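Note sheet for the following structure.
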Amino acid sequence: FDAQAPGWLARARRCPSPNHDRRPDVPVDTVVIHFISLPPGRFGLRSIEAFFGNRLDPRTHPAFADLEGVRVSSHLLVGRRGELVQFVSCDDRAWHAGTSSLLGRRACNDFSIGIELVGDEHHRFTERQYARLASTVATLRRRYRLRFAVGHADIAPGRKIDPGPFFDWNRVLAMPAFAGLERPPPDATGVMDSRNARSSTRI
């Protein structure tokens, strides 16, 4: 971490997002893993950075029309080549989980760190992404007492599908960086919304 900027990772490229606020006074104990591709099926970083920075021009692609006025963010983004971008201090609350619940605790943004992986439900994630995810979680655990590692689908069942079928949970939870972290089953108290079940860009 950067000693001069609390909650910012020293090795991440910074792209500050205005879409955040102060956390409530609760421990940060959860990592939430997402996927994102903008436009769908394209794996560049530029449109994602513009989206989280409220700079995405909805006229530049038909898929962006529904995102106009949407205000979301994540703490961190991992690109296909292992690039690491940070949008929000991990000490602050990023707007990544939306309506969500974990073990009966609602509003997962309050106590979680959101990590987006560039990808979708049709492609495998890269070796560099898994390596960067592991090193990032290892860094986070030096500052936060993490207990849980979950996917967006785990905390918003029926509403979200990410990180999707090609995310190798067995591999990730066996990594030393994830040792001792739990992945609870999807929360029965989570809000179900089948209309949004396949949404991957909206939070």
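The values are calculated or read from the model by the stated rules, or taken from the named source; none is laboratory data. Given the structure is predicted, the values throughout are model-derived calculations rather than measurements. When we count neighbours, we look across all protein chains shown, and the Cβ atoms used for this are built from the backbone with ideal geometry, even at glycine. The area values use the complete protein model at the heavy-atom level, side chains included, leaving out ligands, DNA and RNA. Shrake-Rupley method; radii C 1.70, N 1.55, O 1.52, S 1.80 Å.
Quick one: which residue in Ala3, Ala50, Ala97 is touching a strand residue (DSSP E or B) at 6+ places or on another chain (Cβ under 8 Å) and not acidic (Asp, Glu)? Unique residue meeting the criteria: Ala97. When Gly69 is tested against the conditions (1) small (Gly, Ala, Ser); (2) under 16 Å from His152 (Cα atoms); (3) open to solvent by 40 Å² or more (accessible area, probe 1.4 Å), the lone failure is (2).
Name every residue in region 41-89 that is in a helix (DSSP H, G or I) and in contact with a helix residue (DSSP H, G or I) (Cβ under 6 Å, 6 or more places away or on another chain), in order of residue number. Once the filter is applied, which keeps residues that are in a helix (DSSP H, G or I) and in contact with a helix residue (DSSP H, G or I) (Cβ under 6 Å, 6 or more places away or on another chain), region 41-89 yields Pro58, Phe64, Ala65. Residues that are without any contact (Cβ under 8 Å) to a residue 40 or more places away in the chain and within 23 Å of Gly44 (Cα to Cα): does region 119-128 have at least one? The answer is yes; a qualifying residue exists. Restricting attention to region 8-47, the residues that are surrounded by fewer than 16 Cβ atoms within 10 Å (Cβ to Cβ) and over 26 Å from Trp169 (Cα atoms) add up to 11.
So that you can scan it fast, the table gives a plain yes or no per residue for (1) over 13 Å from the mean Cα position of the chain (by Cα); (2) at pLDDT below 95; (3) open to solvent by 70 Å² or more (accessible area, probe 1.4 Å); (4) among the basic types (Lys, Arg):
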{"site": "Gly114", "(1), (2), (3), (4)": "no, no, no, no"}
{"site": "Val118", "(1), (2), (3), (4)": "no, no, no, no"}
{"site": "His123", "(1), (2), (3), (4)": "yes, no, yes, no"}
{"site": "Thr126", "(1), (2), (3), (4)": "yes, no, no, no"}
{"site": "Leu133", "(1), (2), (3), (4)": "no, no, no, no"}
{"site": "Leu146", "(1), (2), (3), (4)": "yes, no, no, no"}
{"site": "Pro163", "(1), (2), (3), (4)": "no, no, no, no"}
{"site": "Val191", "(1), (2), (3), (4)": "yes, yes, no, no"}
{"site": "Ser199", "(1), (2), (3), (4)": "yes, yes, no, no"}
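Scan region 117-136 and tell me whether some residue there is in a loop (DSSP other than H, G, I, E, B) and under 18 Å from Gly7 (Cα atoms). Looking for residues that are in a loop (DSSP other than H, G, I, E, B) and under 18 Å from Gly7 (Cα atoms), one finds none in region 117-136, hence no.
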